[in-house]
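A short worksheet on the structure shown next.
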Amino acid sequence: MLPTLSFIIAMIIAFATGTSWGTMTIMFPLVLVPSYEASGGDANIFYGVTAGILAGAVAGDHASPISDTTILASMASECTLLNHVKTQAPYALLVALWSVLVGTIPSGRGAYSSGIAALMGFVAMLFHVVFTAEFAINKTGRYDIFTEIYLRFAREKDELLQLKEDVKIAYETGEPVEMALKKSITHEDTKDVSMSKTVVIDRIGVTETNRSATAHECVPIDEDEDGVDLESSVKDEQAPLDDDNKIQ
């Protein structure tokens with residue numbers, strides 16, 4: 001049980017301190033030598049304890065709310081720290097559970113070697129990838145099985161349900177949701193502008209038609225109804241007076 005105890009203790013210390021390296025620094029000098037002596041120099045127990053300290057330190061640091069990696073991850077994903085801790089805790093605990101079931105306990109009891117334990121851990125990960133996981137972008141927006149179970153019992157789930165709808169949009173458009181929404185808004189604005197331009201063009205066309213009709217109606221007529229050439233008459237009337245008719 002030494003590998004299992006080393007794993008659990010290292011995980012608790014890392015969760016409380018928020019540092020995996022600090023946990024290793026504390027655990028190695030305190031645990032390695034006593035565990036080696038307690039096991040009578042058994043190499044498998046010694047390697048199992050070493051692996052348990054390393055794995056437990058990393059697992060606890062990953063789930064800790066005061067870890068630098070947890071804080072950076074929440075900042076990068078633009079969510080609150082506690083929400084990020086709550087959403088990643090089930091996955092961290094699941095991996096820790098599999099580490100104990102197929103790793104530290106069997107190797108500590110001598111059921112199989114550390115290499116077989118690592119292989120069993122890989123098989124467990126492959127099982128979850130194939131049977132319990134979901135693609136991040138999928139047609140229905142479905143979460144993995146653990147999140148779906150959580151949704152059935154959670155009271156505040158509006159954000160997760162909205163995220164489902166966003167995933168559907170991303171799947172249909174093949175683009176991030178924000179970009180898809182921006183394009184949709186831009187398309188609507190462009191459509192409105194195009195309709196306005198069409199109305200203006202139609203109005204201009206009607207105006208030009210009216211102008212053409214008016215111009216056609218106002219074409220001057222060269223002859224009056226009696227057949228007299230009006231243009232010649234006007235020219236004759238505007239002809240210059242001769243010398244006898246000029247005013248002295």
Sole exception among (1) part of a loop (DSSP other than H, G, I, E, B); (2) of a type in the set (S, T, Y); (3) in contact with a Gly (Cβ under 9 Å, 6 or more places away or on another chain) for S107, by number: (1)
Right, R142: within 30 Å of V100 (Cα to Cα), modelled with pLDDT of 55 or more and part of a loop (DSSP other than H, G, I, E, B) or not? yes
Looking at M11, M1, which one is touching a residue at least 60 places away in the same chain (Cβ under 8 Å), open to solvent by 80 Å² or more (accessible area, probe 1.4 Å) and not β-branched (V, I, T)? M1
For segment 96-112, the count of residues that are modelled with pLDDT under 90 and either open to solvent by 60 Å² or more (accessible area, probe 1.4 Å) or charged (D, E, K, R) (or both) equals 3
Residues satisfying the stated conditions in segment 44-56, i.e. farther than 18 Å from L94 by Cβ and either of a type in the set (S, T, Y) or open to solvent by less than 40 Å² (accessible area, probe 1.4 Å) (or both): I45, Y47, G48, V49, T50, I53
Taking segment 115-154 and keeping residues under 23 Å from M11 (Cβ atoms) and open to solvent by 60 Å² or more (accessible area, probe 1.4 Å) leaves I116, A118, L119, M120, F122, V123, M125, F127, F146, Y150
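The values are calculated or read from the model by the stated rules, or taken from the named source; none is laboratory data. Because the structure is predicted, anything quoted here is derived from the model rather than measured. Using ideal geometry, Cβ is built from the backbone for each residue, glycine included, and neighbour counts are taken over all protein chains shown. In case anyone asks, the SASA skips ligands and DNA or RNA and just uses the protein heavy atoms, side chains included. Shrake-Rupley method; radii C 1.70, N 1.55, O 1.52, S 1.80 Å.
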